[in-house]
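Report on one structure; see the data block that follows.
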Amino acid sequence: MKTFYFLHFFSFLETIHTQYLTSVDSFFQTKETILALNGEITNDFGIVFGIWSKYNPLNKISQGGIIGVMDSNCFHQMNFMRESFGQLELLYYDCLYPESQTIKKILAYNTAEGLQHVYKVEIDTFEYENVWYLFELLYSPSANKLEVIMVKEDQFVLHKLLDVNIIKTENLILTIGSDLIVQNSNIESIEVGSRFSYFPGQIKLLKVNQKIITKLDPQILGKAVYVLFFDTISEQQCKQNNQYSLLDQDITWLDKKIFLSQNVNINSFTFSGWYKIKEIHQFDDKFTFQFLRIMPNFENDQFSNPNLSPFQLFYKISSNSNKILITTYSYKFPSITLDFTNIDNAFIISKEFEILHKFTFWHYLLVKLVDDQIFISITFYDSPVIYEYSDFYKVKQFHNIQFKLLQGNLENSALNYINIQTRNQYFYNCQFQIEQQKCHYSCKECDGPTETDCLSCPEESSRIYQSQYKSCICPHQYYDDKVNQNCKSYSDLLLIINEMQIENGCKFGYFEFDDSCQACPSIISNSLTTCLECIQNVKGWKQNSYCQTTLYINSNGYTVKTISEEDYNYYVFDGSEFSICRFCDQSSLSNLDNLYQDFNFLTSKFMLFCKFNNNIFDTSFINDICFECNLPNCRICSLEITHIRCIQCKISFNLINGICTNKFEVQKNNSCIPPLYKNSNGECKRCILANCKYCFEFNKIDLQKSTLHAGFNKFDSDENLALGCALCEENFIYDFIIGECIQKQSSLPNCIRSFINLENQEICTLSSTDFNIAPEIINCNKFIQNCLQCLLTPQSVIKCIICQSGFTSSINLGNCYPNSFADAKVVIEGQTQNFDAWVQRVQSFMMKFLPNQYFYLRPYDEQTLLQFQVECKEGYKLNFQQDCKKYCTSDCLECLQSINSDYFTCAKCPLNQYYQPILSEADGQCLECAELCEVCERRSEAEIYKLNPNFKINEINRKYTNKCIRKISNPNVLIDPQLLIPKYCFVLICNQEMIIELANYFDVDTQINVQYCNQIGINNISILFIYKNDIDYNNRVLCKTELKTKIFSLRVIKLVLTFSENNFNSVNLSGFDQIEINDAHFLFKTQDHIQFENKQQPVLLFLKKIIINQSSISNVNSVFDSDLFGDITLKDILIIDSNFNNSSFFNLKYISGIIKIEKMIIKQCNFTNSSFFQLFNNHIKNVQNRKIKRINEMATLVNSFVYHFFSTQSTSEMLI
């Protein structure tokens, strides 16, 4: 910054503390003030006035007044007018002259003597936009002195100090900003009617304390005021967006996405992203697809013109070559109101890159603008080859813009478009150095942004590279830490594995029988698992020993099939081996009656095969004389060499390939129900037109020949035979010229559905308003109650075509009546022989396409009419029986109707996180198993809460509640046969616990990785605390856990507290199954005690090296208190110098375990109305008094007991 007369200026610093700048509101850019020229202040100090302004025409500034930048190239900044007559006395404004490519700042005023003065300052074309200019006016009426200053940042472009009296009126109106239409002018060069736009930029008003004028040298007054404010005005700080990342999107067809920058830029921006072309839909030989555009946030066509867009991206598709077109701009003259259709005014800069390699590789885009330089690069990745296309430009672009980013089908092309994946897109409105991690965090090298684009894995990450899926995964025993972006072992998570000495139960695939484990009669192989009843009921199968269910596994990644046979196979045990009991109705393994009955049948004479079904004979008779023909719905069977075959079905069933099928279902299957249709020869064909609901065939030169006609006569297939569509899917219309359903909205006014006929005319078949536009309209409730769409027939009768959900449209009456199809959206009557209910939906099409307004009509009567479900509600679909059934969820890759039922099942699911196919499904929904499980099935809520009553289910942990039927192929993984939960074995026999030592007890659960514990199926956790100096000021310990609400497999939580001889008077521990307290000193006062809470579950307690000293315990039910105790072990307990009054050391009203005391000393204590041990429903066995030592001469018992027993019936024991 240049220095102007600082010597004089600094002498007055003490007087300028009230000077400041104020911004003129950008939304209402106008200020108006009345100046009293003969007033005392004005006479004494004069007028000191100034404004800073900066031209930013694309900034978000509301239009101040009726004259905008499109109406005038001159911008009003300020004026003086007489208050009395409204005459213009002084005007300061800017003008842009596109024709001469010049810019001028102009000050015009008249003196009191009527002399006009005009000062014009020409501005460099490229030094106007985003440059601060100061206009300053200092006027002293009493001295007739006027000083005028114009400054460009730190350069004076005009400075006039004049002896002149400029105004001869008492009051002036000062107006800053807004527009101006001159009504009365006292300035000769400013004509009445002149129009000035509001100033398109920022204006800051300079306010100066009037008293400074009398203290500053008049020769430097204006310059000194300028110096005071330049540092403030020259500071520009960019406010970064809080939201700078864009959503990952799969953009298809007419999709258009918008991202709006929260804040304006100053002089830079950075945009980056990954893109992949998934599909190219090409109707024309070549087309250009505009996909991306960064532009100012204006809806005005002029201000959002491509000539003002800093970046655009186009894909140019042709049969010969593919190209990428990028554009930016650089202005030649800083006006945004130019006619950009004139090539001389165009700002746009474009560059084409011819793409000689495959167009569908991932490509990375980087656009970076800094000051007057823009860098653009597009990098395609075809491992290991990289193709980079880039360019760099020196540009002049507008500043202080709120940008918006458009991407998608920006030109709304319904026929020529590209489906594109977008990933990892970022827009920074301020200057930002991108440290772009182009690869997914799991990859070291990559050719795309996703986790399935890895070329290698980081060596230190412990990840395993899967070349088939180009992915890097953590091993099953590791936790995938997405935050820190690495794999973590149990030791990384500060966990310790400890082998436990506990008794094992039966292994998975075995069941309990007579205190031993016996293998289930199951086959467990790569392709199937039989007798799930035994595998899933390790304890109870011996009581009901049957096999019915088999699990079949497809090696091609399809979901498993679970088949339950109609007949049970019961098993018996004869003392040496298991065998099938062929004639048991129910069984336990050792049931003697079953053994005897089975023996009798096996040793009796050979029975014949009865070819008749048992409904022909008495049931008891047929069971005694022969084997029954038990094929479903079969009347007479035939015994073949390898199987039984039906040769005659029951009434109402037809015999097809040896299977009895319902006649009605057969009729349905033979009736060409859509998507099937009858061709010109009357044969059933599948519709091959994409996005077509109802196909038909017709003769192009004779439309009387059409398969849409009721009972049409067969016609020849010749060169005029064509396939057409009577009704396309929503958002599609059929074009008979092209022969396709094209994705397009109707272009006709008030038309919802249309088609393009053979003459290339668009014809409306469904209108939103009236029958004059189409034969069919919507909103028909005004004509027919509960009707959504209705038709005006050629006989001028209104009939309902589609009724509201829950109602059926009647063919004969044309009204709506209630139905009971809860899952159907559209129900229409049709003929039972032809199943033609769907035809009603295309009546309006036939009336417009076929000759003579053809209307489909048959002789309907009540005997031949049936309600047909034509369309289902969302999430449901028509099955083979034309009933609406729940359809598979969106994550299912292949949905099929189940072979054994009329419901849909998911036949193929996506891959899981380990890139293995998900093999389990339930009710059409892919069922995600736990990480260590390959095949699972859902548990009911009752089963879940029976295993873990505390568990809280959410979408993340739900998979851990499923029953695991098959584990993954890993020798370290086993299935807990009792819980059917998989677990990872870190020790040989898999009896393990996780131990973690925590630094504090304030929030236990947040210090344990719950996700990892669920993942490895942990059963036991031990939490260790070593207390040193972290006890609260009340000497209390409060420790709570709710891990069982978060870890489904968790059975035992053990807490080990080592107090290091700290003194405590209160402990509250909640949620722990086992508690061990070591090296604790307790000093109890009055009602202090130790409380254990475990939601009515037993607490196992181990106390070691405990000292209770100088305590005074009164009215305490139990010093160690719990709703229910398990085993209690007391070792090295010392109670000294303490008093018990109306209290108990242990009040064991509820105990489910054994009490074991190894050593306890009671010394110098007094017991009044107290019981040291108070037991209910318990008894002591093997009491040895030497283990509890009481110094009689130093301890007193007043109406008290060491042991106080109540009547008991239980078998709990106390070992001393």
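Data overview
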| item | result |
| --- | --- |
| Qualifying positions in the stretch 910-937 - under 20 Å from residue 537 (Cβ atoms) and over 24 Å from the mean Cα position of the chain (by Cα) | 933, 935, 936, 937 |
| Of residues in the stretch 1110-1165 being over 20 Å from residue 1080 (Cβ atoms) and of a type in the set (Val, Ile, Thr), the one modelled with the highest pLDDT | 1154 |
| Scan of the stretch 694-728 for residues that are farther than 18 Å from residue 858 by Cβ and of a type in the set (A, V, I, L, M), ordered by number | 701, 703, 721, 722, 723, 727 |
| Test for residue 950: is it modelled with pLDDT of 95 or more and polar (S, T, N, Q) | no |
| Single residue of the stretch 448-460 satisfying the filter (surrounded by fewer than 20 Cβ atoms within 10 Å (Cβ to Cβ) and of a type outside the set (Val, Ile, Thr)) that is farthest from residue 1016 (Cα to Cα) | 455 |
| Candidate set: the stretch 798-839, residues that are touching a residue at least 60 places away in the same chain (Cβ under 8 Å) and of a type in the set (S, T, N, Q); chosen: the one surrounded by the fewest Cβ atoms within 10 Å (Cβ to Cβ) | 833 |
| Only listed residue being out of contact with any Ser or Thr (no Cβ under 6 Å at 6 or more places or on another chain), crowded, with 18+ Cβ neighbours inside 10 Å and farther than 30 Å from residue 1053 by Cα, chosen from 983, 967, 885, 963 | 885 |
| Pair list, Cβ < 9 Å and 6+ apart or interchain, from the stretch 234-255 residues that are farther than 23 Å from residue 203 by Cα to residues that are at pLDDT below 90 and not in a loop (DSSP other than H, G, I, E, B) | 253/743; 254/743 |
| Count of the stretch 87-117 residues which are over 60 Å from the mean Cα position of the chain (by Cα) and part of a loop (DSSP other than H, G, I, E, B) | 6 |
| Some residue of the stretch 343-356 being in contact with a Lys or Arg (Cβ under 9 Å, 6 or more places away or on another chain), in a loop (DSSP other than H, G, I, E, B) and surrounded by 20 or more Cβ atoms within 10 Å (Cβ to Cβ) | yes |
| Strands (runs of 3 or more DSSP E) lying entirely in the stretch 1049-1144 (those with 3 or more residues that are in contact (Cβ under 8 Å) with a residue 12 or more places away in the chain and either under 30 Å from residue 981 (Cβ atoms) or in contact with a helix residue (DSSP H, G or I) (Cβ under 6 Å, 6 or more places away or on another chain) (or both)) | 1052-1058, 1074-1082, 1099-1109, 1125-1136 |
| Per-region count, the stretch 532-547, residues in a helix (DSSP H, G or I) and not hydrophobic (A, V, I, L, M, F, W, C) | 3 |
| Condition check for residue 760: without any contact (Cβ under 8 Å) to a residue 12 or more places away in the chain, of a type in the set (S, T, N, Q), in a loop (DSSP other than H, G, I, E, B) and not assigned by TED's automatic domain parsing to the domain that holds residue 412 | no |
| Only one of 465, 426 that is outside any loop (DSSP other than H, G, I, E, B), surrounded by fewer than 20 Cβ atoms within 10 Å (Cβ to Cβ) and touching a Gly at 6+ places or on another chain (Cβ under 9 Å) | 426 |
| Residue among 529, 550 that is outside any helix (DSSP H, G or I), of a type outside the set (D, E, K, R) and either in contact (Cβ under 8 Å) with a residue 60 or more places away in the chain or buried (at least 20 other Cβ atoms within 10 Å of the Cβ) (or both) | 529 |
| Strands (runs of 3 or more DSSP E) enclosed by the stretch 239-298 - at least 3 residues per element that are within 20 Å of the chain's Cα centre (by Cα) | 249-251, 256-260 |
| Pairs where the first residue, in the stretch 45-56, is on the phi < 0 side of the Ramachandran plot and the second is acidic (Asp, Glu) and at pLDDT below 90, C-beta under 8 Å, 6+ apart | 49/136; 50/136 |
| Residue under evaluation residue 395, criteria (1) surrounded by fewer than 18 Cβ atoms within 10 Å (Cβ to Cβ); (2) touching a strand residue (DSSP E or B) at 6+ places or on another chain (Cβ under 6 Å); (3) in contact (Cβ under 8 Å) with a residue 60 or more places away in the chain; (4) under 26 Å from residue 973 (Cβ atoms), criterion not met | (4) |
| Residue check for residue 406: assigned to a strand (DSSP E or B) and over 30 Å from residue 236 (Cβ atoms) | no |
| Failed item, numbered, when residue 262 is tested on (1) buried (at least 20 other Cβ atoms within 10 Å of the Cβ); (2) closer than 18 Å to residue 429 by Cα; (3) not acidic (Asp, Glu) | (1) |
| Selection status of residue 401, in the same structural domain as residue 281 (by TED's automatic domain parsing), surrounded by 19 or more Cβ atoms within 10 Å (Cβ to Cβ), assigned to a loop (DSSP other than H, G, I, E, B) and of a type in the set (A, V, I, L, M) | yes |
| Sole exception among (1) within 28 Å of residue 1043 (Cβ to Cβ); (2) surrounded by 17 or more Cβ atoms within 10 Å (Cβ to Cβ) for residue 945, by number | (2) |
| Residue within the stretch 273-292 that is farther than 30 Å from residue 743 by Cα, touching a residue at least 40 places away in the same chain (Cβ under 8 Å), touching a Phe, Trp or Tyr at 6+ places or on another chain (Cβ under 6 Å) and in the same structural domain as residue 353 (by TED's automatic domain parsing) present | no |
| Residue 380 being within 31 Å of the chain's Cα centre (by Cα) and more than 15 Å from residue 292 (Cβ to Cβ) | yes |
| Residue selected from the stretch 693-715 under the condition in contact with a Lys or Arg (Cβ under 9 Å, 6 or more places away or on another chain) and farther than 28 Å from residue 415 by Cα, by the criterion surrounded by the fewest Cβ atoms within 10 Å (Cβ to Cβ) | 711 |
| Residue list for the stretch 476-486, filter: surrounded by 15 or more Cβ atoms within 10 Å (Cβ to Cβ) and either in contact (Cβ under 8 Å) with a residue 12 or more places away in the chain or not charged (D, E, K, R) (or both) | 476, 477, 478, 479, 480, 486 |
| Selected residue [of a type outside the set (A, V, I, L, M) and modelled with pLDDT under 95] from 786, 757, 812 | 812 |
| Positions within the stretch 487-511 being surrounded by 15 or more Cβ atoms within 10 Å (Cβ to Cβ) and at pLDDT below 90, in sequence order | 506 |
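The values are calculated or read from the model by the stated rules, or taken from the named source; none is laboratory data. Fair warning: this is a prediction, and the values are worked out from it, not measured in the lab. With ideal geometry, Cβ positions are generated from the backbone for all residues, glycine too; neighbour counts draw on all protein chains shown.
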